[in-house]
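Quick notes on the structure that follows.
Taken together, the values in this text are just the output of simple stated rules run on the coordinates, not laboratory data. Note that the structure is a prediction, hence the values are computed from the model and not measured. When we count neighbours, we look across all protein chains shown, and the Cβ atoms used for this are built from the backbone with ideal geometry, even at glycine.
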């Protein structure tokens, strides 16, 4: 029973943390929330949190560069799962 409770807590914290972004205007998709939730159950809190922060930094840098290149600052949509994967691999290279 303790293992199931621990698993549910590991799966729930990314959902609770990111859910306001989903509710308040679709800044992040439901698939990305599920990806973070599954990642949390597999690799734990520390790696998942560093991937969350890293993916925001990687996505911001890429969107800024692409926006400057295309001379279009607003209306930029991106598929966030690519940046989540990139941040995950970068965090794995660091450790």
task = Working from Cα positions, state the angle (0 to 90°, nearest 10) between the long axis of helix 45-70 and the longest principal axis of the chain.
result = 10 degrees
Sequence-separation-based contact order of the chain, relative, with Cα cut under 8 Å and 6+ spacing, percent = 26 percent
message = At R0 = 22 Å, how high is the FRET efficiency between residue 7 and residue 53 if r is their beta carbon distance? Nearest 0.05 is fine.
response = 0.40
Calculated diffusion of the chain, Stokes-Einstein form, Kirkwood radius summed over Cα pairs, 20 °C and 1.002 mPa s, µm²/s = 150 µm²/s
ask   = For the chain, what does -39500 (n - 2.57) per DSSP helix run (n ≥ 4), summed and divided by total residues, give at 222 nm, in deg cm²/dmol to the nearest 500?
value = -27500 deg cm²/dmol
remark   = If one compares the long axis through the Cα atoms of helix 2-23 with the longest principal axis of the Cα atoms of the chain, the angle in degrees, nearest 10, works out at 30 degrees
